[in-house]
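To keep things clear, I will list the structure first and then write my remarks on it.
The values are calculated or read from the model by the stated rules, or taken from the named source; none is laboratory data. The structure displayed is predicted, hence computed values, not measured ones. Counting neighbours? That spans all protein chains shown, and the Cβs are built from the backbone with ideal geometry, glycine included.
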Amino acid sequence: MVAAILPARNDSDDLAELTALAESAGAIVVDRFQQKIRKINPATYIGKGKVGQLAGRVKRFKADVVVFDNDLSPGQIRELEKIIEVKVLDRSELILDIFATRAKTKQSKLQVELAQLEYTYPRLTRMWSHLDAVAGAGGGTAVGTVGGIGTRGPGEQQLEIDRRLVNKKITQLKRELANIDKRRIREIDGRKGLFKICLIGYTNAGKSTLLNALTNANVFVEDRLFATLDTRTRKWMLGSGAEVLLSDTIGFLKSLPHQLIASFKATLEETINADLLLHIVDVSSPDALDQIESVDNVLAEIECSESPTLLVLNKVDIVRKVSDLEMAQTLFPDAVCISAKTGLGLEQLREAVLTRYKGAAVLLRVSSSQSDGRIQSFLRAYGQIVKEQYRDGSVQIDVHLGRNQLPGLKRLKPEDIEIVEASSESRTN
C-alpha cells in the first residue's frame, strides 16, 4: 500500500481506507508505505529515491502487487512496474475491480463495465508501446491487401483500432443501460403519491442492516466495503396509517471515481427522487466526520445537496469513546442515535421520520358528503380530528393535517378545503 501525500491534503491515515479496500478485494496487505511530497513526479509520481526504497520493500516482503492511493497515469504505472518489477494498481482501478466482483444484476454489471471502459479510454494513448502500423497479411499496402480501397494506405495504428472498439462498446453499453433506465423511470413514476425515503451513507455504515431491521427485508449484509451494489426498495409501515417506500443504495466513498458516479447515475435515481434522505453514519469510526463530508460531496455531484435530509448516527453500541459520540451529538443536535444491529433508537427514528413525513401541520376545515367514507377514513388515519359537524347530508371536519398529506387529500376531491390556521407543530429540521 502506497500513499503520496501532497501539501493540500491533511489526511491523518491515508492508508487505512486503502487497506480496507484491498482486503475487501481479497488481498493480504504485507506492508504500508507513505511519503509526503511537494509536487508530483511526472515519471513515477513519488520521488525516484522513494521508488528505489519501495522496490526493496517489495522484494523483502515478496509482494505480488503494489496499490497506490493516488490516481496514476499509464506512463507512471509503466515506469513504476519497470523499476519495482511487480504489477502496479492505482486507487480507481482497485475500486473498479471491487465493483466488478460485487456486481450481481445485469444492470450493475453493465454499469461497472461502462465505468471500466470510460476509465481505460483516455489512457489508451500511453498503454501501447507498439504503435506499429497494421497492414495486410503480407504487410503490403497495395490493393488487395487487408483494408483495400477506402482505407488509409499503410493501415491503422493499433491505438486507433482499440479506440474504435472501445467507443463501439461504450455506445452499446449506454444503449442497453438506457433501455434499463426507461424501465426504472417507469417504476419510479408508478410510485408517485407514495412518500419515498432513501438510505444513503458511506460504504459499510450499516444501511442494509438498517433496511432489514425496519422492513424485515432479509437483504444480504456483510462487514466489508461495497457488499451490495444494487438498489433495494421495501415498504416501511411508520404507524398512524403511514406507509412509505424505503430504498437502500450503494455506499459512497472518499474520492469515488467519477466514472462510477456517472455510470451508476440510474441506480442513484432513487436518491435524486427521494422525498427524504436518511444519511447513515458509522459514528464508531474515527473518520466519521470526514465520511460525512465525503457523502455530502457526492450528493452535491448528483445535485442532491438541497434534498431534505435526516442524519442518523449508527453503531452507537460500539463507540469506544463516549466523548466522540457527545461531540457528534453537539455538532449535529438534530441527528438520531441508533444501533441498527441491536434495535436501539429505532423507535425514535420512526417518530422522527413520521414527523418529516407529515410535514408542518395546518388546521383544515374539510367539507364533503357524509356518504364519502374515503375522505373521512383518510382524515382519521393521517390527521387529528378537532371537530365534526353533520348537516343536510354533508359533514364538515376540522382537522390538524401535515402539509405533505394535502396532495393525497386533494386527490380524493372533497367539496371544499379551507386552511384555518397553521398549527403550532412544525417540521423538525
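Figures for the structure shown
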item: Total residues in the range 336-361, condition under 25 Å from the mean Cα position of the chain (by Cα), at pLDDT 90 or above and either part of a helix (DSSP H, G or I) or crowded, with 18+ Cβ neighbours inside 10 Å (or both); result: 11
item: Count - residues of the range 310-334 that are small (G, A, S) and surrounded by fewer than 18 Cβ atoms within 10 Å (Cβ to Cβ); result: 1
item: Condition met for E306 (modelled with pLDDT under 90, under 17 Å from I197 (Cα atoms), surrounded by fewer than 20 Cβ atoms within 10 Å (Cβ to Cβ) and assigned by TED's automatic domain parsing to the domain that holds L256); result: yes
item: Residue list for the range 1-25, filter: outside any helix (DSSP H, G or I), modelled with pLDDT of 85 or more and of a type outside the set (A, V, I, L, M, F, W, C); result: none
item: Flag for A55 being over 24 Å from the mean Cα position of the chain (by Cα) and not in a helix (DSSP H, G or I); result: no
item: Residue list for the range 293-317, restricted to those being in contact with a strand residue (DSSP E or B) (Cβ under 9 Å, 6 or more places away or on another chain), free of Cβ contacts under 8 Å to residues at least 40 places away in the same chain and part of a helix (DSSP H, G or I); result: D296, N297, V316
item: In the range 264-289, the residues that are modelled with pLDDT of 90 or more and not hydrophobic (A, V, I, L, M, F, W, C); result: H279, D282, S284, S285
item: Residue list for the range 381-407, filter: surrounded by fewer than 14 Cβ atoms within 10 Å (Cβ to Cβ) and not in a strand (DSSP E or B); result: A381, D392, G393, P407
item: Residues of the range 345-359 satisfying the condition of being among the basic types (K, R) and more than 13 Å from L401 (Cα to Cα); result: R350
item: Selection from the range 72-127 of residues that are aliphatic (A, V, I, L, M) and touching a residue at least 40 places away in the same chain (Cβ under 8 Å); result: L94, I95, L96, I98, A103, L110, V112, L114, A115, L117, L124, M127
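Residue-wise test of (1) within 21 Å of the chain's Cα centre (by Cα); (2) loosely packed, with under 14 Cβ neighbours inside 10 Å; (3) not in a helix (DSSP H, G or I).
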| position | (1), (2), (3) |
| --- | --- |
| V66 | no, no, yes |
| L72 | no, no, yes |
| G75 | no, no, no |
| V88 | no, no, yes |
| I95 | yes, no, no |
| K104 | yes, yes, yes |
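Yes/no matrix, rows are residues, columns are (1) surrounded by 21 or more Cβ atoms within 10 Å (Cβ to Cβ); (2) hydroxyl-bearing (S, T, Y); (3) modelled with pLDDT of 70 or more:
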| position | (1), (2), (3) |
| --- | --- |
| M237 | no, no, yes |
| E243 | no, no, yes |
| L253 | yes, no, yes |
| A262 | no, no, no |
